[in-house]
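The next block holds one structure in the form of structure tokens; read it before the comments.
Any read-out appearing in this document is the output of simple, stated calculations on the displayed coordinates, not a laboratory observation. As the structure is a prediction and not an experimental result, all values here were calculated from the model. Positions of Cβ are backbone-derived with ideal geometry, glycine not excepted, and every protein chain shown enters the neighbour counts.
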């Protein structure tokens, strides 16, 4: 039985659409071949980094933070910076190492298999990088990314954080429908030559150790979607100070900070995005704000999936190691059938989680914020052009405001609704599925090894502490389940409504 080209197209576009549920298959045809090589490079680099840096210090850092709440892992950050890890995934055109962005996810999984907290120190920096990129202010991207790259390989790292969560509006800040009803506290007031920020941000990962902070504020609390302002605030700016550290059960190595803004003036040249910046875009400002939120969470929630897969794998590997040296009734625990069944299920959970976050990562590459970077011509040009050439000839062009306006119009007006739904929906699937699988593996590991799992040198209890937080940040798992319905289910079920 043969299909005509028209029949093939018609059947493939029926729900569920193949290109919406098989992102990795589509990626085989669409993505450049060098992507696989970069992923292999990133995994090998992560394993070397684990052996030489992470394993020798992660327990000590975790215990040090437990005993001394003010301790910050500056030595680890300095070492990671010398390895170039804070600029390696910044595009070469903007001064970075230019490693393919897809390869960041397997890198984070590898480091998380030892310590999610230290992996998050690296990963959350790229959350800040992605947030700035979501504004498509290429002038400011060129300035800040090049500062990060210049500091790379030295002793003083330049990190970027995202400051969005507020004391009375946590998860609500990540969902446009909930944002309209959120109890917003951080406001931005227009003044001569810039904006004045007032308010507080909480649970800001890497806050105390970052140089730049991408702060999301609102001109009108009653109308946040149309008045959102993204400001780049440098540590040390007048009117900005750090508050307390959060006391966390897991991921202690990655500080969660309070940021306080008291009449903090941010000049226009450090405003990444404001309502006036989108005046020439065809899209409604409310939709542009939603697109920016979707740009960021589509990439970051896939990253949480990678963290969770690492935690699930770490628990499995710790349980396997303990089972191979623990004797029960004169025989090794690993030889008992109940242990073998548990280990087999845990191994399955790791691979299920990896498949899900990679599927979400492919969806983000094909349909998300950086989709234009994967065009074969653009990708080849970025690969073959020396970095000095970009710095000498392209950087002056990137700093022209008119270029930012043209790129911003292309980025937002050309971003299709279906692309956004697929990228956001698959990111939510990865986030809640992988984190739930991580908790499942940690629980099974604790059941399997018993009291041995509570030993600090056994590793299982730390993986459990680290994994629990993964169900909460980047939107709770409940919110991500609802976002999945909103993006991938409700559009095909007119009778259903979400977030109402």
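Structure values in brief
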| item | result |
| --- | --- |
| For peptides 464-471, 396-403, sequence by mean Cβ density within 10 Å, most packed first | 464-471, 396-403 |
| Ranking of 34, 124 by count of other Cβ atoms within 10 Å, fewest first | 34, 124 |
| Cα centroid separation - the range 172-221 against the range 404-424, whole Å | 23 |
| Neighbour-count ranking [beta-carbon atoms within 10 angstrom, fewest first] of 461, 109 | 461, 109 |
| Given (1) 26.1; (2) 22.3; (3) 35.5, the label whose value is mean projected area of the Cα convex hull in nm² derived from this model | (1) |
| Mean ellipticity per residue at 222 nm, deg cm²/dmol - from DSSP H runs of n ≥ 4 across the chain, formula -39500 (n - 2.57) | -16500 deg cm²/dmol |
| Å³ per residue enclosed by the Cα convex hull of the range 282-350 | 76 |
| Sorted by Cβ neighbour density within 10 Å, fewest at the top, the residues 434, 281 | 281, 434 |
| Spatial separation of Cα centroids for the range 472-493 and the range 323-343, in angstrom | 40 |
